[in-house]
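Here, each number is a calculation from the coordinates, and none is a lab measurement. Everything numeric in this text was worked out from a predicted model, so none of it was measured. Using ideal geometry, Cβ is built from the backbone for each residue, glycine included, and neighbour counts are taken over all protein chains shown.
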Amino acid sequence: MVGRTLTSVAIVGGGPGGLGTAIALSKLPFLEVTLYEKNLEPRESGAGISLSTNAWRVLDLLGASEGVKGGYKSNTHQRNAYTGKIIDVIEHPSGSSTDQRGAIRARRTRLQQALLAQVPDGIIRYNKKLIRLDNLQGDRVKLVFQDSTEVFADIVVGADGIHSIVRRCLFPDHKLSFTGDTAYRVLIPKSRLANLPEITSTTAWWWGKSGHIYFSDVDDESEQSDPLFEITVRSYHEPEVPGKTVAWGIPASNEKVAARVKEFDSRVRDAVDAVEQGEWWEFSGYAGPRLDRIIGWGKVALIGDSSHPLSGAFGSGATFAMEDGWILARALELSQSTTHAIPDALEIFSQIRTPYYTKMYQHLDEVKAKLQRVQYENADFDVFLRAKVENFIYGNKEFIYKNDIKKGWEDFLRTSKGIE
Ligand SMILES: Cc1cc2nc3c(=O)[nH]c(=O)nc-3n(C[C@H](O)[C@H](O)[C@H](O)COP(=O)(O)OP(=O)(O)OC[C@H]3O[C@@H](n4cnc5c(N)ncnc54)[C@H](O)[C@@H]3O)c2cc1C
């Protein structure tokens, strides 16, 4: 960055990661930021999104927390989906969270709107689907789009999600595969479930052997006269359909979803029956091995789902993606005057974020091993569910939900750079 007027940054993808990165990088006066998004306009598929202390921290740093509102939970139930038996209840008394705003579940569009409101005007280019990156001799990268246009940039940020083209260009041998896990998601007016109080009065997971169903508020009821309510059906062992590539946000029929819960408790089936034909959306889960490197060519960084294809494993991926963008901005700011400013900054970004993602993969491996042991040692489904809830749902995940990204950055400055 030494000797140049402005360093150009091309962000590919306008999800939470791309938008968060655009906000953070636009505050640096030595950068010229452009975001390329394949959709024709802002679009958010999916239903609700959970936001915890880690999310509030990064949203505050981005100046984007205002207006992010959702349903606040007083307690969460874990149930056996066949019998309805309550396996566990977690009480969340008001103000118990590290952040007073607590853990909420919001409409995804609320988060998107809050982020979009902070992105400076004129930097997003819609209808720009990246199809290839070329690593040019020297310092630049060429981006080639489906509409046959090309642009050049000094830095490329791959924020293009789990099926990332940027990742494919950097690491062509890295492959994703279908996990067998498919989510069917919907937001419906809560009033339609008024005759099912046990469904709407708490956040709840109803666990079955080959799938589960999740119920949650997504609106702050003081704001909405007829708030929306989320239902997500997860099915773990869907067959792979030959030739089907990505099924993300495609419509699903009522019959298809009802078949996934046909052995569940009648209250669950009644809730599923309250969804009207054409309202369900289907999302097929893909995942891939951990990447050893989340940067490449000395000028490309992967953030969010493009860098850690975990398939939504922790329900906090949007926050990870925004944290990545904020750290990338700090690293570029810190290195701006060094001789190899861009590669230096990317190394710092990777040095901070790679161990974080490694820890997540390790956590998933440990939980999987524990659950396999319980399944093998004990045939009782309720005992298995209790172990699942203890280990996976609640087990030792404060490093995620209470992550303090600013403190992490300050720790890095102190331990690696001797800066207090
Ligand atoms: C079932 C499920 C439930 C989840 N629940 C939660 C939750 O409760 N809380 C949470 O925080 N996270 C949750 N997640 C994870 C979360 O959705 C993701 O981690 C998050 O959206 C990642 O953000 P991102 O910006 O990296 O990618 P994305 O949100 O995938 O955004 C990528 C963007 O890039 C664009 N794009 C893609 N390809 C191109 C291209 N070639 N050219 C240009 N643009 C392109 C896309 O259109 C999109 O706008 C869940 C995930 C799943 C599957």
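Odds and ends about this structure:
- Here the relative contact order of segment 199-240, from alpha carbon pairs under 8 Å that lie six or more residues apart, stands at 35 percent.
- Comparing mean-square fluctuations of Leu40, Leu385, Leu364 from a GNM of the chain with C-alpha springs under 10 Å, the top value falls on Leu40.
- Under Karplus coefficients 6.51, -1.76 and 1.60, residue-wise ³J(HN,Hα) of segment 23-28 in Hz, glycine/proline x: 5, 5, 6, 5, 7, 9
- Amide H to amide H distances under 5 Å link Asp220 with Gly70, Gly71, where only residues 5 or more positions off or on other chains count and H is placed in the peptide plane.
- Within-15-Å neighbourhood charge of Leu133 [Cβ basis; K, R +1; D, E -1]: +4
- Computed on the Cα atoms alone, the convex hull of the chain gives a volume of 153 cubic angstrom per residue.
- Diffusion coefficient, µm² s⁻¹, Stokes-Einstein with Kirkwood Rh over alpha-carbon pairs of segment 258-386 at 4 °C and 1.567 mPa s: 71
- Here the Karplus relation 6.51 cos²θ - 1.76 cosθ + 1.60, evaluated at θ = phi - 60°, turns the backbone of segment 274-290 into coupling constants of 6, 7, 8, 4, x, 8, 7, 10, 10, 10, 8, x, 10, 8, x, x, 5 Hz, with x for every Gly and Pro.
- Segment 1-59 shape via C-alpha gyration tensor axes, a/c threshold 1.5: oblate
- Size of segment 334-417: Rg and Dmax of its alpha carbons, in Å, are 19.1, 62.
- Gly14 long-range amide H proximity, modeled H, under 5 Å: Lys38
- Look at the dipole of segment 3-75 built from charges on Cβ: of Val9, Ile23, Gly48, the Cα furthest out on the positive end belongs to Gly48.
- For segment 78-87, putting each phi into the Karplus relation 6.51 cos²θ - 1.76 cosθ + 1.60 with θ = phi - 60° gives couplings of 10, 10, 6, 5, 8, 9, x, 4, 7, 8 Hz, in residue order, rounded to whole numbers and with x for Gly and Pro.
- About the Cα centre, charge dipole magnitude for the chain (Lys/Arg +1, Asp/Glu -1 at Cβ), debye: 620
- Under the criterion of Cα pairs below 8 Å and six or more residues apart, the relative contact order for the chain equals 21 percent.
- Size descriptors for segment 108-161: radius of gyration and Dmax over Cα atoms are 13.7, 42 Å.
- Once backbone amide H atoms are built at 1.01 Å from N, Ile250 has Glu282 as its partners under 5 Å, excluding neighbours fewer than 5 places away on the same chain.
- Applying a DSSP loop filter and a limit of 11 other Cβ atoms within 10 Å to the chymotrypsin sites (Phe, Trp or Tyr not before Pro) in segment 340-420 leaves nothing.
- Most to least packed among 296-307, 249-260 [average Cβ atoms within 10 Å]: 296-307, 249-260
- Built from the Cα atoms of segment 19-164, the convex hull projects on average onto 12.2 nm², one quarter of its surface area.
- Summary value for segment 35-161: 30 percent relative contact order, contacts being C-alpha pairs under 8 angstrom separated by 6+ residues.
- Per-q log10 I(q)/I(0), segment 153-220, q = 0.15, 0.16, 0.21 Å⁻¹ (Debye; single scatterer per alpha-carbon; no solvent): -0.74, -0.77, -0.95
- Computed Rg/Rh of segment 237-332, alpha carbon atoms with Kirkwood Rh: 1.12
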